[in-house]
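Chemist: Next up is a structure, given as C-alpha cells.
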Amino acid sequence: MAAAKIKKGDQVIVLSGKDKGKTGEVTKSLPKDGKVIVAGVNVAVRHTKPSQGDPQGGLKRAEAPMHVSKVALVTKDGKATRVRFEDRDGKKVRVAVKTGEVI
C-alpha cells in the first residue's frame, strides 16, 4: 500500500462535482476505499422515520465520502497543488509540487 498523499487534517479543495471549488478539512480518510470525508462538502440528506432510538425522525444531513482523486491539497494562497514524496534529512516527507514547501 502506497503512502497517503492526502491525510486527516489536511486542507483540500474539491476539483469536480456539485461542490467544485469548495474547500474544507479532511475529517476522515478511508484508504482501503480510496475515499476521504471533507467537512461541509458532499452533504447527503437522509429521510429517516421516527424510531425508538430517534423519536423525532426527519431529515438527517451528513458528509458522504468522496473519491480522493476529486480533491487536491490547498497551498497557503488558496490554490490546488499536487503532492510528491521526497527524502529530506533521511526522512520521507510530503512536498507541495507548486511551491516546493514541506507539508
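The values are calculated or read from the model by the stated rules, or taken from the named source; none is laboratory data. Please read all numbers here as calculations on a predicted model, not as lab measurements. Here the Cβ is made from the backbone with ideal geometry for all residues, glycine too, and neighbour counts use every protein chain on show. Heads up: the accessible areas ignore ligands, DNA and RNA and are worked out on the full protein's heavy atoms, side chains in. Shrake-Rupley method; radii C 1.70, N 1.55, O 1.52, S 1.80 Å.
Chemist: So Arg84 ticks every box in (1) open to solvent by less than 40 Å² (accessible area, probe 1.4 Å); (2) within 18 Å of the chain's Cα centre (by Cα) but one. Which box is left unticked?
Modeler: (1)
Chemist: Go through the residues of the stretch 9-30 one by one and say whether even a single one is open to solvent by less than 50 Å² (accessible area, probe 1.4 Å), part of a loop (DSSP other than H, G, I, E, B) and touching a residue at least 60 places away in the same chain (Cβ under 8 Å).
Modeler: yes
Chemist: What single numbered condition from (1) open to solvent by 100 Å² or more (accessible area, probe 1.4 Å); (2) at negative phi; (3) of a type outside the set (Ser, Thr, Tyr) fails to hold for Asp89?
Modeler: (2)
Chemist: When the residues of the stretch 16-50 are narrowed to those that are among the hydrophobic types (A, V, I, L, M, F, W, C) and under 11 Å from the mean Cα position of the chain (by Cα), which ends up nearest to His67 (Cα to Cα)? Step through it out loud before you land on a result.
Modeler: Kept after step one, since they are among the hydrophobic types (A, V, I, L, M, F, W, C), are these residues of the stretch 16-50: 26, 30, 36-39, 41, 43-45.
The next check asks that each one be under 11 Å from the mean Cα position of the chain (by Cα); those that pass are 26, 30, 36-39, 41.
On the way: Val26: 12, Leu30: 9, Val36: 6, Ile37: 9, Val38: 11, Ala39: 14, Val41: 12 Å.
Once the filter is applied, the top-ranked residue is Val36.
Chemist: What do you reckon, is Lys70 surrounded by 13 or more Cβ atoms within 10 Å (Cβ to Cβ) and not aliphatic (A, V, I, L, M)?
Modeler: Values: surrounded by 13 or more Cβ atoms within 10 Å (Cβ to Cβ): yes; not aliphatic (A, V, I, L, M): yes.
Taking the combined requirement at face value, the residue satisfies it.
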